[in-house]
Amino acid sequence: MGWAIAVHGGAGDISRSLPHDRRQPREEAIRHCLQIGVEALQSNSPPLDVVELVVRELENIPHFNAGRGSVLTSEGTVEMEASIMDGNTMRCGAVSGLTTVVNAVSLARLVMEKTPHIYLAFDGAEQFAREQGVEIVDSSHFITPENVERLKLAKEANRVQIDYNAQPIQNDTKKEKPCANGDSQIGTVGCVAVDSNGNLASATSTGGLVNKMAGRIGDTPVIGAGTYANELCAVSATGKGESIIRGTVARDVAALMEFKGLSLKEAADCVVHERTPKGTVGLIAVSAAGEVVMSFNTTGMFRGCATEDGYSEVAIWSDAQVE
């Protein structure tokens, strides 16, 4: 079926009243990053290069919860995380607890290629970044006024917020205060790609949860939870990290294809709609045959995809496509 690519910018309770000035920049960013990926695939770039390239670009756009737009911990700091995986070799790399690295996804790839390990975190990951000469900035670079305000609202409501979700992760006794402009969070980013030869790759990056405890690690850097790729498919998930980790969401899609013989769509829909609590997960996936799926059980998911046969889509809600 040829090459295919999908991109996401976060899933959750995305209100249809989301103001135009907050919705449009994200739609444009998804479209822009999707086009970057399409051009790279058309130029015969390996899928691993493509997903890194696209996620790097998403990390540099402050409208999403990754890189420049990373949300803040309860201490007002950033702790970014990312992972990347190659389907053919199943080599992978992951990082967590980054505070100064501009592009977490590229450091994750360096962990994969330059170390005997898969996962580095916090001080060790930061030291490795300095040794590798990746771009580093002062942590204040990542602390935007918008995310300072999001943290303030989350603290006032005594809640931890997931991507676009106005619901608390756990019950609290304080009355919840609506978030400004109906926009409680901005989204984790991810990209999956397959080339015309069936080579697959996946990458995901995030700043985590608004008002999360310092040191909390989510699903994004956990191979098999937020990110996975093998010879059958590549998957990148977004949503409530704790639920995604419990369900080993990304690996389950591949496992259903591998052991049950399900199609990509059947496997993704089973995991999202039957095996994962409603309102907690969205995912994008491509298969070695060039199929593409974007499935979610939340209100919406910022997403886009394109295939070699000319199909292209950018959308937020299930019944309201942007294109």
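The values are calculated or read from the model by the stated rules, or taken from the named source; none is laboratory data. A quick note: this is a predicted structure, and the numbers were derived from the prediction, not measured. Here the Cβ is made from the backbone with ideal geometry for all residues, glycine too, and neighbour counts use every protein chain on show. The accessibility values were calculated without ligands, DNA or RNA, using every heavy atom of the protein model including side chains. Shrake-Rupley method; radii C 1.70, N 1.55, O 1.52, S 1.80 Å.
Accessible area per residue for segment 1-107 is 33 Å², calculated with a 1.4 Å probe on protein heavy atoms, without ligands, DNA or RNA.
Taking only the C-alpha atoms of the chain, the Rg (one decimal) and the largest Cα-Cα distance, Dmax (whole number), read 17.7, 55 Å. Inter-label distance, Ile136 to Asp319: 5.2 nm, where each label sits 7 Å from its Cα along the C-beta direction. Listed peptides 64-70, 17-23, 81-87 appear in the order 81-87, 64-70, 17-23 once ranked by packing, highest mean of other Cβ atoms within 10 Å at the front.
Using the rule -39500 (n - 2.57) for each DSSP H run of four or more residues, divided by the residues of the chain, the 222 nm mean residue ellipticity is -9500 deg cm²/dmol. Summarise the accessible area of segment 16-156 (1.4 Å probe, protein heavy atoms) by the percent that is carbon and sulfur. Solvent-exposed carbon and sulfur of segment 16-156 make up 49 percent of the total. In a Debye calculation with equal point scatterers on the alpha-carbon sites of segment 9-118 and no solvent, what is log10 I(q)/I(0) at q = 0.14, 0.21 Å⁻¹? Here log10 of I(q) over I(0) equals -0.65, -1.19. Sorting 310-316, 209-215 by average packing, meaning the other beta carbons within 10 Å per residue, from highest down gives 209-215, 310-316.
Computed from backbone phi, the HN-Hα couplings of segment 270-284 come to 4, 5, 6, 9, 10, 10, 10, x, 4, x, 10, 8, x, 8, 10 Hz, rounded to whole numbers (Karplus: 6.51 cos²θ - 1.76 cosθ + 1.60, θ = phi - 60°; Gly and Pro given as x).
Rounded to the nearest whole Hz, the Karplus-based 3J(HN,Hα) values (6.51 cos²θ - 1.76 cosθ + 1.60, θ = phi - 60°) of segment 87-100 follow the sequence x, 5, 8, 6, 6, 8, x, 8, 9, 9, x, 7, 10, 10, with x at glycine and proline. Each label was represented as a point 7 Å from its Cα along the Cα-to-Cβ direction; for Met213 and Glu266 these points are 4.2 nm apart. Under a Gaussian network description of the chain, with springs only between Cα atoms under 10 Å, the residue in Ile284, Ile223, Ile245 that fluctuates furthest is Ile245.
Working ranking of peptides 188-197, 113-122 by packing, defined as the average number of other Cβ atoms within 10 Å per residue, highest first, is 188-197, 113-122. Between Tyr311 and Gln24, residue separation times 0.36 nm minus the direct Cα-Cα distance comes to 101.2 nm. Per residue, segment 208-291 exposes 35 Å² of solvent-accessible protein surface, assessed with a 1.4 angstrom probe and all protein chains in place. Given the pairs Lys212/Lys278; Lys114/Lys260; Lys155/Lys240; Lys155/Lys278; Lys212/Lys265, which span a C-alpha to C-alpha distance of over 30 angstrom in this model? Violating the 30 Å limit, Cα to Cα: Lys114/Lys260; Lys212/Lys265.
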